[in-house]
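Enquirer: The structure that follows is given in the form of structure tokens.
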Amino acid sequence: MNNHWKFIVVFMLVVGFGGKSIAIDTKALPELKINRPTALLKPASENEAPEDRNEIYTKAFRILSFGGNKHSNEGSKNSEVRSVASILEKAGVEFPVGTNAELNEKEGILTVTHNAVGMEFVRNYLESMYAQAERYIKYQLEIYRLPALLILKLQESADNQSDHKPERDAVLNLVKEGQAHFVKSVTLESRSGQRSKFEDVEEYLCLDRYEWRESANASLPFFESRKVGTIFEVDSILSADTSTIDINFGIEHHTAPPGQTKYQIRLPNTNGSVTVTLPIFHMKKIVTQIHILDGSTRIVAVYRPTGKPEYKTENLMEVIFLKGNVMILPRSDVFP
């Protein structure tokens, strides 16, 4: 894939709106509720060790997703946060009265209450356990359709933000309320430095061209196979800090099955013509390269769907969200 930024929206045949404007009742639009937290973790100043190395304080450690843990899918809210002090004690970290270590498996946050010496033991333990762990990247691609003015609000809210999860959650709430439409979801796993590809397509045999053959005194058709659906291809590079993902990716998505249109083609060396039927493809395509942080979500494309009658009468647009998670192979000896 080309490493230069580029955004390409491709129509094999442009289908216009006939110059007609679409009346929009803004009062009928649902409210777009975006809840953006002020900070994911505690401010750094609150996490710094006090001058007295024996003073107890609390620090949050970001834990890479370690999937496959037997406690992570029990379904109870209580199972999302559990004490792992006893596990760390087996690794040599002492937990006297007033200290503790709790793991939030859903958020991937280990919260430790200890003194400076205990914090160092915990950090060393985590670094040693994960230093040589095999990592891979899990992508979640989601496509939604909603009113164009709400798409505009999404873009305004996401401006200058590195994580668009609040916008994605707001759209998901609209889907639950019946105010937006879920179109597509794709899950794809990839190793750093490896190209991975997902296809959910149907193959159509389409007319490619006509060529005049003197020997046959006829215009002969030539056909080609064309994939129609959703294609997601990605090259991933995980940075040395194991938290930043450099993604070079391409998305091809068709918003409707191919249509047909008729053309008149003049025959060479004659005054005659022939009517041929050619396909109309309603394809959107993006090829670009971005950086995202582990666990974050980005809006990577916004476009107007085509190919269905309702797209001409309703002011609808579609948005694509892409989430990347750095995963590591499960280790039963980390937090069993």
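The values are calculated or read from the model by the stated rules, or taken from the named source; none is laboratory data. This is a predicted model, so every value here is computed, not measured. Neighbour counts run over all protein chains shown; Cβ positions are idealised from the backbone, glycine included.
Enquirer: Exactly one condition in (1) part of a strand (DSSP E or B); (2) within 25 Å of the chain's Cα centre (by Cα); (3) among the aromatic types (Phe, Trp, Tyr) is not met by residue 311; state its number.
Expert: (1)
Enquirer: May I ask you to say which residue of 238, 205 is in contact with a Ser or Thr (Cβ under 9 Å, 6 or more places away or on another chain) and free of Cβ contacts under 8 Å to residues at least 24 places away in the same chain?
Expert: After ruling out the rest, the residue left standing is 205.
Enquirer: OK, next. Of the residues that sit in region 98-130 and are within 31 Å of the chain's Cα centre (by Cα) and hydroxyl-bearing (Ser, Thr, Tyr), which one is modelled with the highest pLDDT?
Expert: 111
Enquirer: From the residues in region 129-152 that are touching a helix residue (DSSP H, G or I) at 6+ places or on another chain (Cβ under 9 Å) and not in a strand (DSSP E or B), which one is surrounded by the fewest Cβ atoms within 10 Å (Cβ to Cβ)?
Expert: Only one residue tops the list, namely 149.
Enquirer: Let me ask something else. Checking the structure you have, find out if any residue of region 208-229 is under 19 Å from the mean Cα position of the chain (by Cα), within 27 Å of residue 327 (Cα to Cα) and modelled with pLDDT of 90 or more.
Expert: Within region 208-229, none of the residues are under 19 Å from the mean Cα position of the chain (by Cα), within 27 Å of residue 327 (Cα to Cα) and modelled with pLDDT of 90 or more.
Results for (1) crowded, with 16+ Cβ neighbours inside 10 Å; (2) of a type in the set (Phe, Trp, Tyr); (3) modelled with pLDDT under 90; (4) farther than 28 Å from residue 323 by Cα, shown as yes or no for each residue.
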site: 53; (1), (2), (3), (4): no, no, yes, yes
site: 67; (1), (2), (3), (4): no, no, yes, no
site: 78; (1), (2), (3), (4): no, no, yes, no
site: 96; (1), (2), (3), (4): no, no, no, yes
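Enquirer: Of the residues that make up region 217-228, is at least one surrounded by fewer than 14 Cβ atoms within 10 Å (Cβ to Cβ), in contact (Cβ under 8 Å) with a residue 24 or more places away in the chain, on the phi < 0 side of the Ramachandran plot and not in a strand (DSSP E or B)?
Expert: Among the residues of region 217-228, not one is surrounded by fewer than 14 Cβ atoms within 10 Å (Cβ to Cβ), in contact (Cβ under 8 Å) with a residue 24 or more places away in the chain, on the phi < 0 side of the Ramachandran plot and not in a strand (DSSP E or B), which makes the answer no.
Enquirer: Where the second residue is assigned to a helix (DSSP H, G or I) and of a type outside the set (D, E, K, R) and the first is outside the structural domain of residue 186 (by TED's automatic domain parsing) and closer than 18 Å to residue 250 by Cα and lies in region 296-323, which pairs have Cβ atoms under 9 Å and are six or more apart or on separate chains?
Expert: Pairs that qualify, where the first residue is outside the structural domain of residue 186 (by TED's automatic domain parsing) and closer than 18 Å to residue 250 by Cα and the partner is assigned to a helix (DSSP H, G or I) and of a type outside the set (D, E, K, R): there are none.
Enquirer: So in region 164-178, with the set limited to residues that are touching a residue at least 40 places away in the same chain (Cβ under 8 Å) and out of contact with any strand residue (DSSP E or B) (no Cβ under 7 Å at 6 or more places or on another chain), which one is surrounded by the most Cβ atoms within 10 Å (Cβ to Cβ)?
Expert: 170
Enquirer: Could you check region 79-125 and list, in sequence order, the residues that are without any contact (Cβ under 8 Å) to a residue 60 or more places away in the chain and part of a strand (DSSP E or B)?
Expert: 81, 82, 83, 100, 101, 102, 104, 110, 111, 112, 113, 114
Enquirer: Just name the residue that is nearest to residue 57 (Cα to Cα) out of those in region 98-128 that are β-branched (Val, Ile, Thr) and crowded, with 16+ Cβ neighbours inside 10 Å.
Expert: So, considering only residues that are β-branched (Val, Ile, Thr) and crowded, with 16+ Cβ neighbours inside 10 Å, the one nearest to residue 57 (Cα to Cα) is 113.
Enquirer: Of the residues 102, 120, 94, 89, which single one is under 27 Å from residue 165 (Cβ atoms), assigned by TED's automatic domain parsing to the domain that holds residue 62 and not β-branched (Val, Ile, Thr)?
Expert: Of the residues listed, the single one that is under 27 Å from residue 165 (Cβ atoms), assigned by TED's automatic domain parsing to the domain that holds residue 62 and not β-branched (Val, Ile, Thr) is 102.
Enquirer: For the structure I just gave you, tell me whether residue 188 is more than 22 Å from residue 307 (Cα to Cα) and not in a helix (DSSP H, G or I).
Expert: The answer is yes for residue 188.
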